[in-house]
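Encoded as structure tokens, the structure appears first; notes follow it.
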Amino acid sequence: MKFLQAEFIISAEKLSQCPEFSLPEYPLLGRSNVGKSSFINGLSNRKSLAKTSNTPGKTRLINFFNFSDRFMIADLPGYGYAKVSKEAQNRWQKYLEEYLLKRKQIKSLIQLIDARHEIQKNDFQMREWVKAYNLPVITILTKMDYVPKPKVFNVIKKAEKELGGLVLPFSAIDNRYNEKVLEFFTGE
């Protein structure tokens, strides 16, 4: 398994604060605690590059990570849970929509789905929003190490049927799936 060097670049609250660069960018969409930080750490083979938490809703900003000057991953606040005011949630939504719709560097959105559970209502709502704006998106099923091996194929096929498009499995613990994900990002 190959890994790319990765480093944290900057956090931004809104589009105007995002860094200027020309690398392809891949924002991570997903429910709180779906494993966005663990995804970044797993791809980089670094346990604490992105901060993980057992408390949902900890990511409050857009966090940018550079992978060997090949591509950027933008870790976005999770949807579906956050112990913040309605005013703060509305501000996040406004800033995130502006970022997702106007950021020229975005090559594809990456929607992370927890493979251990049925796809949630807010996951479908996010996908409908993405489709409404005709944005490119793929699905990555996280926490595949918790799915029994005989069920892996069926979990992937079900996600393909329900969400459409490319679906890739991923495990931050067991690297057996991660090569295909890196191939998607690097085009190799």
For Leu135, are the conditions met, namely being exposed (fewer than 13 other Cβ atoms within 10 Å of the Cβ) and either modelled with pLDDT of 95 or more or part of a loop (DSSP other than H, G, I, E, B) (or both)?
-> no
Check Asp123 against each of (1) crowded, with 20+ Cβ neighbours inside 10 Å; (2) over 13 Å from Gly30 (Cβ atoms) and name the one condition it does not meet.
-> (2)
Consider only pairs whose beta carbons are under 9 Å apart and that are at least six residues apart or on different chains; among these, list those whose first residue lies in segment 137-149 and is more than 14 Å from Phe184 (Cα to Cα) and β-branched (Val, Ile, Thr) and whose second residue is modelled with pLDDT of 95 or more and part of a strand (DSSP E or B).
-> Thr142/Leu112; Thr142/Ile113; Thr142/Asp114; Thr142/Pro169; Val147/Leu141; Val147/Pro169
Taking segment 47-64 only, how many residues are at pLDDT 85 or above and either among the charged types (D, E, K, R) or not in a loop (DSSP other than H, G, I, E, B) (or both)?
-> 3
Considering every residue within segment 65-77, establish whether at least one is at pLDDT below 90 and closer than 26 Å to His117 by Cβ.
-> yes
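Suppose we filter Ile156, Ile110 for residues that are within 16 Å of the chain's Cα centre (by Cα) and either of a type in the set (Asp, Glu) or surrounded by 14 or more Cβ atoms within 10 Å (Cβ to Cβ) (or both); which single one remains?
None of the others qualify; the one that does is Ile110.
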Exactly one condition in (1) at pLDDT 90 or above; (2) under 18 Å from Ile140 (Cα atoms); (3) assigned to a loop (DSSP other than H, G, I, E, B) is not met by Tyr26; state its number.
-> (3)
For segment 161-182, enumerate the residues that are part of a loop (DSSP other than H, G, I, E, B), crowded, with 20+ Cβ neighbours inside 10 Å and of a type in the set (A, V, I, L, M).
-> Ala172
Condition check for Val152: under 14 Å from Leu28 (Cα atoms), β-branched (Val, Ile, Thr) and assigned to a helix (DSSP H, G or I) = no
If you check Phe39 against the conditions, is it in contact with a Leu (Cβ under 7 Å, 6 or more places away or on another chain), at pLDDT 90 or above, surrounded by 13 or more Cβ atoms within 10 Å (Cβ to Cβ) and among the aromatic types (Phe, Trp, Tyr)?
-> yes
Residue check, Pro27 against (1) surrounded by fewer than 22 Cβ atoms within 10 Å (Cβ to Cβ); (2) farther than 14 Å from Phe170 by Cβ, all met but one. Which one?
-> (1)
Just to be sure, is Arg127 touching a helix residue (DSSP H, G or I) at 6+ places or on another chain (Cβ under 8 Å), more than 25 Å from Phe71 (Cα to Cα) and of a type in the set (Lys, Arg)?
-> no
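Look at Asn33 and say whether it is polar (S, T, N, Q) and on the phi > 0 side of the Ramachandran plot. I'd like the intermediate steps shown before the answer.
Values: polar (S, T, N, Q): yes; on the phi > 0 side of the Ramachandran plot: yes.
Against the criterion (polar (S, T, N, Q) and on the phi > 0 side of the Ramachandran plot), Asn33 qualifies.
Which is at pLDDT below 95, within 16 Å of the chain's Cα centre (by Cα), part of a helix (DSSP H, G or I) and not aromatic (Phe, Trp, Tyr), of Glu97, Glu87? Step through it out loud before you land on a result.
On the way: Glu87 fails: within 16 Å of the chain's Cα centre (by Cα).
Result of the check over Glu97, Glu87: Glu97.
The values are calculated or read from the model by the stated rules, or taken from the named source; none is laboratory data. Everything numeric in this text was worked out from a predicted model, so none of it was measured. Reconstructed Cβ throughout: ideal geometry from the backbone, glycine too, with neighbour counts over all protein chains shown.
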